[in-house]
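Readers should treat all values here as calculations from the given coordinates under stated rules, not as data from a laboratory. The model shown is predicted, which means the values in this text are computed figures rather than measured ones. Here Cβ is always computed from backbone atoms with ideal geometry, including for glycine, and neighbour counts include all displayed protein chains.
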Amino acid sequence: MAAGLYLLASACSAWLASDFFRTVSTRMVRYLAAMVLWAAVVIVPVHVAAALQMAGWISAIRLWPLAAAQLLILMLSVLGSSRLVTAHHDEGLTRSDQPVPLGTEENRKDSFPAYLWVCTGVLAASYAVFYANLASSYPTGWDALAYHLPVALRWIQTGTMSIPTYGAWQYALPGNAEIGMMLLLSTGRQWLVPSVNLFAALTMTGAVYLIGRRVTRRREAAMAAAIVALSLPIVEFQTFSAYVDLFGTAFLLASLALFLYRREPAREKTTAFNGPTRSSARMLLLSGLACGLAVGTKPVFYVYAAVLCLGVAVTLIWESGRHWRASLAGISLFALAVLVPSLFWFGRGFVQTHNPVFPLQVKVGSHVLFQGFAPSEITRNEFSDKFVRRRAEWLIYPWTEWFRNPGDQLIPYSEGSGLGAAFAAFVPLGVFWAGYQAARGRGAPILRILIPVGLGLLALWWIGLQRMPRFGLPLWLLGCVFAVPLFELLDRSATRGFRFLLVACVVATCTISLFVPLRELAARAGSHAWRRCDVYVYPHFFDELPRGAGVLNDTGIEEANFSLAGEKLTNRVVADFEVQGPITSQFLQEHRIDFIAEAVSEKDNAPGMHKIVQVLAPTVEVWSEVKGAKRWRVLKVETSQQQHAASAP
Amino acid sequence: MPPEQPQESRRAQILLGIACASAFVWLVHSFAVRNLLLAIEQTAHKLAR
């Protein structure tokens with residue numbers, strides 16, 4: 001109830017506040033502004049509450065006070081909005097007086113051509129099946145269950161967002177997306193959690209379309225780019241999962257889009273730079289907010305955001321010429337806005353570990369500046385080798401989409417892999433065509449800047465981001481934008497063939513992606529496995545434990561970190577990554593553990609299983625069951641032993 | 001008809017040809033397509049049993 005009120009009030013505030021951007025440009029800009037504002041209005045109050053809790057000003061983060069604060073923000077937004085309407089009325093400014101941006105409103109009367117509607121319909125149907133699968137099930141995905149959702153649940157259960165003293169990197173990552181997940185978990189409907197990513201997918205679509213509109217006058221081409229972006233299997237699977245890559249990517253692209261629209265396109269060519277106007281300052285602020293949302297999502301986005309911030313600073317300095325004060329004001333405004341939704345994570349890291357970017361280790365040469373984990377300790381360098389047979393194959397990955405362990409489903413598409421037919425057919429060629437046009441001094445000037453930057457980031461993805469396909473999501477989506485000149489040319493001069501090929505590619509990709517949710521739905525319907533314990537394959541025993549029971553995950557199954565919380569999420573799970581050595585009585589007592597869950601595979605070397613940790617404390621077996629080809633055992637920690645351990649010196 | 005138009009049309013045809021070839025290579029080589037067929041076959045077997 002409180003979470004629902006919180007989200008509803010923040011949505012209303014964001015929509016009212018986005019009215020400030022009505023005078024700036026197209027309807028799509030206002031829509032994107034509303035999305036960015038909504039995310040910021042949801043996330044920042046939680047940061048403030050968490051900071052107050054860590055400073056000892058409040059005992060715990062609670063939802064009702066947050067909902068009350070959100071209602072206060074809504075009241076202020078209503079007041080601000082009514083003043084804005086009055087100001088517009090006094091100025092006699094109406095919508096028809098607004099400047100017409102580049103190639104946006106003149107086509108409003110014309111609908112999109114039928115092939116784009118067909119593609120949209122196919123995508124909508126495909127997304128609807130994924131949604132039906134999710135709504136009848138629970139969130140899935142390795143990363144999501146292993147630590148994203150356990151992090152969100154830990155915040156709810158403990159009322160704090162501080163890093164635990166043992167410093168597990170999983171609990172120390174920035175977590176803007178997990179804040180949304182935390183609020184949605186609080187509603188009690190676990191299947192709602194991936195809505196965070198549905199929201200991100202909509203934001204990403206708007207951003208890709210808007211950046212595309214700065215490249216072309218034909219909105220059909222920008223729309224085609226957005227369709228190809230939505231057809232990417234990584235995007236589609238992440239939309240219905242609790243991964244965070246899409247969330248960060250969406251706001252990174254939104255930041256770029258809003259920055260590109262900070263000045264009125266219609267006036268851009270006619271007016272000289274006289275410092276930031278009020279509307280361009282607002283857009284700059286919003287762009288910075290979006291960038292900060294991405295920065296606070298995952299350390300991977302530090303790299304992309306640093307390049308974006310540098311680009312913003314250089315552009316502002318170049319635009320302002322000798323007006324260095326104006327450029328300094330713009331840069332400061334942008335930097336300040338970036339910090340609003342991200343400062344909390346840097347502050348938390350610094351206060352608790354003396355490393356603002358904890359869990360990342362910072363070192364220059366062999367000298368460690370800040371203690372932490374090397375990136376290879378978080379994501380192994382060899383991890384990306386499961387997507388290609390040999391590293392040279394990365395050059396042809398869009399056409400191979402190979403996957404070492406596709407699992408029972410056999411489909412190599414997932415939250416972390418797969419680009420699809422439309423990408424393979426159009427994007428590499430589109431990037432080549434855009435580069436060729438840019439080299440000849442033709443096409444949109446923005447491409448002459450974005451293409452070299454994109455290629456530089458591709459090299460950085462290869463070297464610094466461990467070649468993980470999902471870590472390169474901003475690049476694959478920028479690739480869709482780079483294909484806009486190709487879409488424009490083909491739509492104009494090879495109309496029928498292009499339209500047929502695009503529809504065929506989208507249908508082919510969606511068919512393959514769809515196989516996964518359809519088979520899952522059919523399997524669940526066939527076996528009547530609708531219960532949480534059947535979906536996650538764990539003993540029903542954990543759903544019936546008393547509220548607050550401490551359960552240690554010693555199953556060797558990392559996904560069980562979330563599933564063992566039980567149907568009502570009332571179990572306090574100690575995750576497998578919190579166990580640093582043998583499980584001793586002292587460890588059990590420190591973590592207030594009541595039960596230890598163990599699972600042994602019936603087969604040797606079963607995939608996804610780690611070795612279970614030895615228990616060196618007296619326990620009693622209270623449950624044993626074979627489930628999912630694994631022998632599950634539940635050990636109850638003997639209370640007398642706990643007390644004995646507690647009283648021991 | 002402006003002189004650029006036939007040239008543009010020829011370029012568009014070439015690029016469309018490359019895009020079609022690219023899509024064909026994907027169709028033949030993509031692990032996703034091959035495994036979809038395999039998965040359909042397996043599912044059909046299961047249903048038949």
On a C-alpha basis, how far is the centre of the stretch A:125-168 from the centre of the stretch A:580-601 in Å? Whole number, if you could? 23
So what are the ³J(HN,Hα) numbers for the stretch A:203-209, from phi and the Karplus equation (6.51, -1.76, 1.60; θ = phi - 60°), rounded to whole Hz, Gly and Pro as x? 4, 4, 4, x, 5, 4, 4
Which semi-axes, in whole Å and largest first, does the equivalent ellipsoid of the stretch A:127-182 have when worked out from the alpha carbon gyration tensor as the square roots of 5 times its eigenvalues? 26, 11, 9
Starting with the fewest neighbours, write out A:54, A:161, A:1 ranked by other beta-carbon atoms found within 10 Å of each beta-carbon. A:1, A:54, A:161
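Diagonalise the Cα gyration tensor of the stretch B:4-48 and give the resulting equivalent ellipsoid semi-axes, square root of 5 times each eigenvalue, largest first, whole Å. Each step should come with its number before you reach the end.
On the way: eigenvalues 313, 15, 4 Å².
Equivalent ellipsoid semi-axes, largest first: 40, 9, 4 Å.
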By how many degrees, between 0 and 90 and to the nearest 10, does the Cα long axis of helix A:219-231 differ from the longest principal axis of chain A? 10
Over all alpha-carbon pairs of the stretch A:362-460, lay out the pair-distance distribution in 5 Å bins, whole %, shortest bin first. 2, 10, 13, 15, 16, 13, 12, 10, 7, 1, 0
Using the count of nearby Cβ atoms within 10 Å as a rough guide to exposure, how do A:385, A:408, A:19 rank from fewest to most? A:408, A:385, A:19
How high is the relative contact order of chain A, in percent, with contacts defined as C-alpha pairs under 8 Å that are six or more residues apart? 14
Taking the Cα atoms only, what angle lies between the long axis of helix A:2-17 and the longest principal axis of chain A, rounded to 10 degrees? 10
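I'd like the mean, over residues of A:489-501, of how many other protein chain beta carbons sit within 10 Å of each residue's own Cβ.
Numbers: counts 6, 6, 1, 4, 11, 11, 2, 1, 6, 5, 0, 2, 5.
For this peptide, the per-residue mean of nearby foreign Cβ atoms is 5.
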Pairs on different chains or at least eight residues apart, Cα atoms closer than 17 Å: how many lysine pairs in chain A fit? 4
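Find out how many positive minus negative residues lie around residue A:575, taking Lys and Arg as positive, Asp and Glu as negative, among other residues whose Cβ is under 12 Å from that of residue A:575. Numbers along the way, then the final one.
Working: positive: A:154, A:572; negative: A:554, A:558, A:559, A:576, A:578.
Neighbourhood net charge equals -3.
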Percent antiparallel among DSSP beta bridges confined to the protein assembly as shown, rounded to 5, stands at 65
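Please rank A:394, B:26, fewest neighbouring Cβ atoms within 10 Å first, as an exposure proxy. Can you show the working numbers first?
On the way: A:394 15, B:26 25.
The fewest-first ordering by Cβ neighbours comes to A:394, B:26.
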Largest first and in whole Å, give the semi-axes of the stretch A:183-260's equivalent ellipsoid, each being the square root of 5 times a Cα gyration tensor eigenvalue. 27, 13, 9
For helix A:278-295, report the angle its Cα long axis makes with the longest principal axis of the Cα atoms of chain A; keep it between 0 and 90° and round to the nearest 10°. 30
Both in Å, the radius of gyration and Dmax of the C-alpha trace of the protein assembly as shown are 26.4, 95
